[in-house]
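Below is one structure, written out as structure tokens; the observations come after it.
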Amino acid sequence: MRSRLLVLALVLLLPACSWMSGDEEPAPQHPRPQPGYVDLADPAAVRSALLAQHSAWRGVPYRMGGSDRRGLDCSAFAQLTYRQRFGIAIPRETSSQRESGRELPPAQAVPGDLLFFNTGLRERHVGIYVGARQFLHVSARAGVMISSLAEDYWARRLVTAVRIGPL
């Protein structure tokens, strides 16, 4: 009898949660800003920081495994940018970077979100969304640069966006 009452109570309580809509998008969550760094929750400040990072690193060449001004790869540049501009440590490798935040559809990206592209046999490229359908990254042809998601090459290869912050 007691178990039947417990089952009945659970059945009656389950519909009580149905008023909550899964359609509501929670506000972006980011790590708390460190003193002296840009707050990822401030899109305008993030965009400015990313444009400043572009100016400081523009044209530095792509070098597989590199992580300095002599040359760097895309994941090293993302890691370096997050550390220098936002005071946040993210992993070095692209696959680990993808797991370091919350995945979301690319259309919901805000400045500072990581964008992941499938450019080969497996996902291999990462950039940082700047806003206005642009992203900052290291190109094998032109080094550190800003590219447009309107370009067919990038639009066809965009896989997901990841928001760095509490999971």
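The values are calculated or read from the model by the stated rules, or taken from the named source; none is laboratory data. Owing to the predicted nature of the structure, the values given are computational and were not obtained by experimental measurement. We place every Cβ from the backbone using ideal geometry, glycine too, and count neighbours over all the protein chains shown. Ligands, DNA and RNA are stripped out before the accessible areas are found, and what is left, the full protein with its side chains, is counted by its heavy atoms. Shrake-Rupley method; radii C 1.70, N 1.55, O 1.52, S 1.80 Å.
Brief remarks follow.
- Residues within segment 36-47 that are out of contact with any Pro (no Cβ under 9 Å at 6 or more places or on another chain) and closer than 17 Å to Ala132 by Cα, tallied: 0
- Any pair with Cβ under 6 angstrom, 6 or more apart, that starts in segment 137-151 at a residue that is on the phi > 0 side of the Ramachandran plot and ends at one that is open to solvent by 20 Å² or more (accessible area, probe 1.4 Å): Gly143/Gly59; Gly143/Pro61; Gly143/Tyr62
- Scope segment 77-111; condition surrounded by 15 or more Cβ atoms within 10 Å (Cβ to Cβ) and hydrophobic (A, V, I, L, M, F, W, C); matching residues: Phe77, Ala78, Leu80, Phe86, Ile88, Ile90, Leu104, Ala109, Val110
- Scanning segment 126-136 for residues that are without any contact (Cβ under 8 Å) to a residue 24 or more places away in the chain and within 12 Å of the chain's Cα centre (by Cα) yields one hit, Phe135.
- Residues of segment 136-164 that turn out to be open to solvent by less than 50 Å² (accessible area, probe 1.4 Å), farther than 19 Å from Ala49 by Cα and of a type in the set (D, E, K, R), as a count: 0
- Residue match in segment 53-75 (condition: part of a helix (DSSP H, G or I), hydrophobic (A, V, I, L, M, F, W, C) and loosely packed, with under 15 Cβ neighbours inside 10 Å): yes
- Residues of segment 137-161 classified as aliphatic (A, V, I, L, M) and touching a Ser or Thr at 6+ places or on another chain (Cβ under 7 Å), total: 1
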